[in-house]
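Engineer: My questions all concern the structure below.
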Amino acid sequence: MPTSAPTATPVTPPTRTRSAQAFEAAQAVLPGGVNSPVRAFKSVGGSPLFMAKAQGAHIWDVDGNKYIDCIGSFGPAILGHAHPQVVKAVQHVAENGFCYGAPTELETTLAQEIIAAVPSIEMVRLVNSGTEAALSAARLARAVTGRQYLIKFAGCYHGHADAFLVKAGSGATTLGQPDSSGVPVSVANLTLTATFNDSNSVAALLSQYPDQVAAILVEPVVGNMGCVRPKDGFLKDLRDLATASGAMLVFDEVMTGFRVAYGGAQSLYSVTPDVTCLGKIIGGGLPVGAYGASKAIMQHVAPAGPMYQAGTLSGNPMAVTAGLETLRLLQQPGTYESLEANGEYLARGLQKACDEANIPAQVQRVGSMLTVFFTETPVVDYESALTVDRDRFNTMFWGLLNRGVSIPPSPFEAWFTSLAHTPEVMDAIIAAFTQALTDS
Ligand code: HOZ
């Protein structure tokens with residue numbers, strides 16, 4: 001029974017006329033009015049907010065309303081928005097031209113930083129997005145092994161390449177389109193799906209397709225069906241299964257790289273994949289991706305080897321500079337301790353609020369990634385993620401937004417907090433959440 005359930009305090013939504021007008025205009029020229037489906041409010045209803053600026057832990061919409069931002073651009077904004085040192089560095093390089101179609105020394109420096117941080121990487125290729133990183137990693141695994149099949153996990157999302165839009169999480173699940181139209185059946189048939197946190201499901205596929213699986217791809221901490229932790233031993237089991245079967249283990253650390261620990265989930269859980277995908281934080285908010293592995297594996301990539309992959313804007317000076325400056329700031333002592341302590345404080349506060357209101361919820365968190373799942377069942381895989389109470393989520397989403405807190409418009413996304421999310425900011429989120437629990 002509730003011990004100290006808060007009294008309901010109705011809230012008056014702020015004016016969002018200009019956002020509504022902006023959405024109207026956008027819908028005429030952009031499919032669904034957005035450039036990425038996860039930004040749409042299709043599953044929560046209403047029009048998306050159009051944003052004007054962001055600073056630190058806060059973001060402002062075009063109507064001038066201020067929100068605490070718990071989206072963090074879906075991952076990159078780990079320092080908080082518009083960190084002055086990053087802004088200054090990007091301004092400085094911009095004055096020398098935006099991109100050259102020729103190599104720069106900056107790219108080598110970023111590669112050196114990544115290699116020093118991420119245990120599995122001895123050599124890295126910079127690309128422009130997490131999608132590019134994942135599709136290149138799959139091609140690399142196929143090139144090295146000479147095999148065709150991929151194993152992914154239901155509810156994991158590795159960007160929007162054809163091979164991965166099979167039981168995909170993130171916006172694909174939010175919109176009820178985990179298998180996309182337009183993906184050739186012959187391509188989709190090469191992607192086998194296993195159950196996250198169930199290594200037996202992987203073992204079964206490997207024995208069903210002996211010597212045919214090129215890669216086992218996994219988000220080592222899932223962010224794309226909401227935040228789902230790996231059970232003890234699960235990642236190690238994947239490592240052992242990959243080694244025994246000759247498949248490559250690919251960690252998609254686009255979200256978790258430099259987020260759950262400086263060296264990513266592989267350093268947090270001490271499991272070394274063959275190939276690692278990165279993105280988000282390593283571009284400091286500008287478009288970037290990367291994939292890396294041992295030198296022996298990466299020597300297969302053109303022009304060193306026969307696997308072709310290329311990009312006009314890959315390694316452009318602005319994105320590389322934003323990434324480099326971000327990594328340098330993350331190296332300051334206490335960074336990850338602070339992200340952990342403040343993340344834990346937030347998660348405890350949110351769980352306590354649900355418990356006291358007698359509302360079934362699982363607040364799941366790793367470091368500064370977190371999801372509130374409104375369900376009685378701990379979420380360990382896709383099936384359990386789908387048990388969430390979507391109506392309650394929608395009420396919470398609007399309750400928070402109307403009280404000045406912006407979270408992803410989907411129950412199947414992680415919230416991302418930053419170094420700018422101080423305990424005072426967390427208190428404000430918890431207070432808004434506690435009040436929002438009384439909404440109906
Ligand atoms: N993985 C991100 C959200 N789950 C991608 C963001 C996007 O698709 O725009």
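The values are calculated or read from the model by the stated rules, or taken from the named source; none is laboratory data. What you see is a predicted model, and the numbers here were worked out from it, not measured in a lab. Every residue, glycine as well, gets a Cβ built from its backbone with ideal geometry; the counts of neighbours run over all protein chains shown. Keep in mind that these areas ignore ligands, DNA and RNA; they rest on the heavy atoms of the full protein, side chains included. Shrake-Rupley method; radii C 1.70, N 1.55, O 1.52, S 1.80 Å.
Engineer: Against the empirical 2.2 N^0.38 Å scaling, what ratio does the C-alpha Rg of region 60-206 come to?
Structural biologist: 1.34
Engineer: May I pose another question? Among 240-248, 304-312, 103-111, how do they line up by average Cβ neighbours within 10 Å per residue, starting with the highest?
Structural biologist: Those peptides, ordered most packed to least, come out 240-248, 103-111, 304-312.
Engineer: For GLU344 and ILE359, compute 0.36 nm times the residue count separating them, minus their Cα-Cα distance, and round to one decimal in nm.
Structural biologist: Stretched out fully, the GLU344 to ILE359 stretch lengthens by 3.4 nm.
Engineer: On to the next question. How big is the chain by Rg and Dmax over its Cα atoms, in Å?
Structural biologist: Here Rg and the maximum Cα pair distance are 21.3, 65 Å.
Engineer: How large a share of the accessible area of the chain, in percent, is made up of carbon and sulfur atoms when the probe is 1.4 Å and the other protein chains stay in place?
Structural biologist: Solvent-exposed carbon and sulfur of the chain make up 53 percent of the total.
Engineer: A further question follows. Tell me, what HN-Hα J-couplings in whole Hz come from the Karplus equation 6.51 cos²θ - 1.76 cosθ + 1.60 at θ = phi - 60° for each residue of region 234-242, using x for Gly and Pro?
Structural biologist: Along region 234-242, the couplings run 4, 5, 5, 4, 5, 4, 5, 5, 5 Hz.
Engineer: Can you tell me the length gained on complete extension of the stretch ALA310 to HIS92, counting 0.36 nm per residue apart and subtracting the Cα distance?
Structural biologist: Separation in residues times 0.36 nm, less the Cα-Cα distance, equals 75.8 nm.
Engineer: Return the sequence-ordered ³J(HN,Hα) values of region 17-25 in whole Hz as given by the Karplus equation 6.51 cos²θ - 1.76 cosθ + 1.60 applied to θ = phi - 60°, using x for Gly and Pro.
Structural biologist: Values, residue by residue: 4, 5, 4, 4, 5, 4, 5, 4, 5 Hz.
Engineer: Using the scaling law 2.2 N^0.38 Å as the reference, what is the normalised Cα Rg of region 374-414?
Structural biologist: The value comes to 1.22.
Engineer: Where q = 0.12 Å⁻¹, what log10 of I(q)/I(0) comes from the Debye formula for region 296-366, counting one point per Cα?
Structural biologist: So the normalised log intensities work out to -0.68.
Engineer: Below 8 Å between Cα atoms, with a sequence gap of 6+, how large is the relative contact order for region 1-151 in percent?
Structural biologist: 11 percent
Engineer: With N denoting the number of residues in region 23-76, provide Rg(C-alpha) divided by 2.2 N^0.38 Å, to two decimal places.
Structural biologist: 1.17
Engineer: Still on this structure, I have one more. Starting from the Cα of LYS236, draw a straight line to each of the lysines and keep only those under 21 Å, dropping any in the same chain fewer than 8 residues away.
Structural biologist: Partners found: LYS152.
Engineer: Also, quick follow-up: ALA20 versus ALA52, label points 7 Å from Cα toward the beta carbon: distance in nm?
Structural biologist: Taking the simple label geometry, ALA20 and ALA52 are separated by 1.8 nm.
Engineer: Moving on. Would you please give the FRET efficiency between TRP60 and THR109, computed as 1/(1 + (r/R0)^6) with r the Cβ-Cβ distance and R0 = 35 Å, to the nearest 0.05?
Structural biologist: The pair TRP60/THR109 has a calculated efficiency of 0.55.
Engineer: Scan around HIS58 for amide H atoms under 5 Å from its own, H built in the peptide plane at 1.01 Å from N, and keep only partners 5 or more places away or cross-chain.
Structural biologist: Residues meeting the criterion, in which the H sits 1.01 Å from N, are ASP69, HIS81.
Engineer: Right, here's the next one. Treat each spin label as a single point 7 Å out from the Cα along the C-beta direction, and report the LYS295 to ALA161 distance in nm.
Structural biologist: Result for the modelled spin labels: 2.5 nm.
Engineer: Next up: Among all the lysines, which ones have a C-alpha under 21 Å from LYS42's C-alpha, if same-chain residues fewer than 8 places away are not counted?
Structural biologist: Partners within reach: LYS167.
Engineer: How high is the FRET efficiency between GLN177 and ASP391 when r is their beta carbon distance and R₀ equals 30 Å, given to the nearest 0.05?
Structural biologist: So, using R0 = 30 Å, E works out to roughly 0.90.
Engineer: Just tell me which aspartates and glutamates come within less than 18 Å, Cα to Cα, of LYS66; anything on the same chain fewer than 8 places away is out.
Structural biologist: GLU424, ASP427
Engineer: Just to confirm, what accessible area per residue do you get for the chain at 1.4 Å probe, in whole Å²?
Structural biologist: Per-residue accessible area for the chain comes out at 41 Å².
Engineer: Go through region 42-58 residue by residue and turn each phi into a ³J(HN,Hα) via Karplus (6.51, -1.76, 1.60, θ = phi - 60°); whole Hz please, and just put x for glycine and proline.
Structural biologist: 4, 7, 9, x, x, 9, x, 7, 9, 9, 10, 6, 8, 8, x, 8, 10
Engineer: Under a plain spin-label model, where a point goes 7 Å from the Cα along Cα-to-Cβ, how far apart in nm are SER207 and THR335?
Structural biologist: Here the answer is 4.5 nm between the modelled labels.
Engineer: Roughly speaking, what is the stretch gain from THR9 to SER36, that is 0.36 nm per residue apart minus the C-alpha to C-alpha distance, in nm to one decimal?
Structural biologist: 6.3 nm
Engineer: Once the Cβ-Cβ distance between VAL29 and TYR100 is put in as r, and R0 is 30 Å, what FRET efficiency do you end up with, to the nearest 0.05?
Structural biologist: E between VAL29 and TYR100, to the nearest 0.05, is 0.45.
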